[in-house]
Structures are given as C-alpha cells and as structure tokens.
Amino acid sequence: MHASSLRRGGRWAATVLAALATATTVAACGSDDGSDAADAASAKGTTLRIGFISIKGVPDGPEGWADKRGALLAALKPAGVTAIKWVPFQNGPPLQQALVGGSIDAGILGDTPALVGHANGVDERLVNQTRTGMDAWLIGHKGGPTSVGELKGGTVATQVGSYMYRYLIGLLKDQGIDGQVKVGNLTTPAAGAALTKGAIGAAAQPVNSAVQLAAAGFPVLDKASQHAGLTGSTVTVVSGSFLKKHPGFPKVWNAGRADAIRYVKAHPEDFWRFESTAQPKALPVALIKQAYPLSNYTEEPFTAQGTAALKGTLGFLVDAKLARSSFDLEGWKAQ
C-alpha cells in the first residue's frame, strides 16, 4: 500500500482517536451532557436525536422520506419516542464524537467510520445496515487520464476514512500502482472542484456526486461495483446509554424502516423525486435512479452478503491501521 496513503490514514485515525478520547472525558465528567434536559424530556416522552451525513442538511433515504410523511415517528412511538430531531454532519468522525459526547442518541453513517469508532472503543451498537452495495466512481478530469493505469505518477483524492477511500486504496493495490500514485485527502465538494481545475488526476466520488460529474462530461475511469468487495454501505448505530434506557428501540426502528422500504418500492418514482430534492443541488430523476437503485435497500436489518462486506471492510481497516483491532460483528449487533 502506498506509504503516503498510510501516513494520511494514520493521521486521520489519530485525529479521530484524540477527538473520541476528549469527548469521552467530557461525557464522563458530566460537562454539559444534557442529562437534565433528557430527564425532563423523558417525563413527557423522548426526543430521539439522530445524526446523519448530509451536505445540504436534509435527511434522505427511506428513513428520511418516512419522516417527512410522518410514518417514522408513528413507528417509533412504542419505544417511547415522541419526537425526532435530525442532526446533520459533514462526515462520520464528527458524528461519532457527538455520539460519545451524548449530544445525539443514534446515527446513520458510512460503515467505515462506524467500524473504526467501535474498534476504538465507542459505546455503540449496530442496529442495521441501512443501505448496501453503495457504489463509488473514480472520476478523471477533462482532458486527463482515461484509464486507471494512466494515473501512475499523478495525484488522486478522496475523503480519507470514507468508503470511497477504502475503494480507492483497494483499486490502486489491485492495479499494482498503489506505490506510484499520491493520494490526497479532500472532501467530496473540494475534490469535485479540484477536478474542475485539473489540479488532480482523478477523484473517488460517492455515486450521487459521480453521476452528476459524469453527466457534465468528466470521464469515468472505474467503478467500485466492477470489483468484488469494494462497494460500501451505510449503517445505523445507537449509543449504549440510549439503548439501555430504550431496549426496544432497535426492534421498532427496524420495523419502521422495513415499512418505509416497502413504501419506497411501491412508489419508486415519488421516492426518486424526493431524493432529487434532498441533494446539495437538485439532480434530474434519471441520474437519481442511477445513484439510488432500489436494490441497495433490503427490508431485513442484515443480510449474509451485507455482513460479509462489513467483515471485509473491518479487515481492511485493521490491516491499514485505521482501526485499532478487529472485533466480533455479531457481538456488535444490538439484538
């Protein structure tokens, strides 16, 4: 694996560990952890504070659409949840910090930061795999490389620690050029801007951004879905403290999610139109269909294929020293 990639990954992991340690200390000391407010709220019902990843700040997916329709809250009432507060984050590590610090109760995020967090001691349990088979595309700049092999000696970028990063490093290694390509750490919007300027040779982008770039004429050099084991997933996690107070939460959340997915599959065009408006920039429904295939969503909280993918991701993270150690995935599951 490329040495510069590991150094950047090591810095990312060290930053996450330091932030998590700080958040844990604050939570342990009871410094403004919101416990009084939570106790007062519990007398009247519980507000579920759930983090999610979004640039625009609008919850999407079957859960987001169910919430907009009022169906999600109705499903959660048997667990004592009387209100839902969605809290947006730019990426996974800050969401994990908020979970440790007690400012959120649960979160929907990429599998990579969730696995890193649990491996490094975050007290959380896995509720489900929200979306599986998530694609990432390697997008080149216009007039630049037209194949992965042409990236040798150049610079590529993605968000270190994301599922796109795992895909990119795995791809470069499979192509035998991981020691000959510099990997930079850029957020998805920043990587897109760098592509436009021709400042980098290529960027590994999440599929919802990738389809927009491809439609604008940027070349698609590769896709994670073309390789076994390189796609990603999103997961739902719940803090140990919230689960202790609300042990029935995973069951009702997963039941509500299953209902939401059935509704999506019964009304696909309406769902895709909703997803279009939830993007940072509204996308044509034709592009949304490419980015959000319904096959990514299963009613079951876990599938054999999804669990196998999580095991593969955990193994990669441990080997790359992004996760402190391996752990039993079955023991991580809330049920």
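The values are calculated or read from the model by the stated rules, or taken from the named source; none is laboratory data. On a predicted model such as this, the values are computed, not experimentally measured, just so you know. Backbone-built Cβ (ideal geometry, glycine too); neighbour counts: all protein chains shown. The protein model used for the area step is the full one, side chains on, heavy atoms only, and it has no ligands, DNA or RNA in it. Shrake-Rupley method; radii C 1.70, N 1.55, O 1.52, S 1.80 Å.
Put simply, of Ala282, Ala258 the only residue that is more than 21 Å from Tyr163 (Cα to Cα), without any contact (Cβ under 8 Å) to a residue 60 or more places away in the chain and open to solvent by less than 30 Å² (accessible area, probe 1.4 Å) is Ala258. Could you please find all residues in the stretch 288-317 being farther than 22 Å from Arg262 by Cα and either open to solvent by less than 70 Å² (accessible area, probe 1.4 Å) or of a type in the set (Ser, Thr, Tyr) (or both)? Ala308, Ala309, Leu310, Gly312, Thr313, Leu314, Gly315, Phe316, Leu317 - these are the residues of the stretch 288-317 that are farther than 22 Å from Arg262 by Cα and either open to solvent by less than 70 Å² (accessible area, probe 1.4 Å) or of a type in the set (Ser, Thr, Tyr) (or both). Here Ala193 qualifies as closer than 20 Å to Gln90 by Cα and in a helix (DSSP H, G or I).
Only a single item in (1) outside any loop (DSSP other than H, G, I, E, B); (2) at pLDDT 90 or above is not met by Gly121, and it is number (1). Looking across the stretch 66-84, just one residue is modelled with pLDDT under 95 and at positive phi, and that is Gly80.
Number of residues in the stretch 146-162 that are touching a Pro at 6+ places or on another chain (Cβ under 8 Å) and not hydrophobic (A, V, I, L, M, F, W, C): the value is 4.
Looking only at residues of the stretch 273-323 that are among the aromatic types (Phe, Trp, Tyr) and touching a strand residue (DSSP E or B) at 6+ places or on another chain (Cβ under 9 Å), we find that the one that is farthest from Ala255 (Cα to Cα) is Tyr292. When the residues of the stretch 118-135 are filtered to those that are open to solvent by less than 20 Å² (accessible area, probe 1.4 Å) and touching a Gly at 6+ places or on another chain (Cβ under 8 Å), the one that is farthest from Ala334 (Cα to Cα) is Met134. Is it true that some residue in the stretch 58-70 is under 25 Å from Pro189 (Cβ atoms), of a type in the set (Lys, Arg) and under 16 Å from the mean Cα position of the chain (by Cα)? No, there is no match, as no residue in the stretch 58-70 is under 25 Å from Pro189 (Cβ atoms), of a type in the set (Lys, Arg) and under 16 Å from the mean Cα position of the chain (by Cα). Just one residue in the set Leu172, Leu168, Leu138, Leu151 is open to solvent by less than 40 Å² (accessible area, probe 1.4 Å), in contact with a helix residue (DSSP H, G or I) (Cβ under 9 Å, 6 or more places away or on another chain), more than 18 Å from Leu213 (Cβ to Cβ) and at pLDDT 90 or above; that residue is Leu172. The residue of the stretch 187-198 that is most open to solvent (accessible area, probe 1.4 Å), among those that are over 21 Å from Thr231 (Cβ atoms) and within 21 Å of the chain's Cα centre (by Cα), is Pro189. Could you identify the single residue in Ala210, Ala214, Ala228 that is assigned to a loop (DSSP other than H, G, I, E, B) and either at negative phi or in contact with a Pro (Cβ under 8 Å, 6 or more places away or on another chain) (or both)? Within the list Ala210, Ala214, Ala228, the selection yields Ala228. Give me the pairs, please: first residue somewhere in the stretch 144-156 and within 16 Å of Gly170 (Cα to Cα), second residue anywhere and of a type in the set (S, T, N, Q) and open to solvent by 30 Å² or more (accessible area, probe 1.4 Å), beta-carbon distance under 9 Å, and either six or more positions apart or on two chains. Qualifying pairs under 9 Å: Val148/Gln175; Gly149/Gln175; Leu151/Gln175; Leu151/Gln180; Lys152/Gln180.
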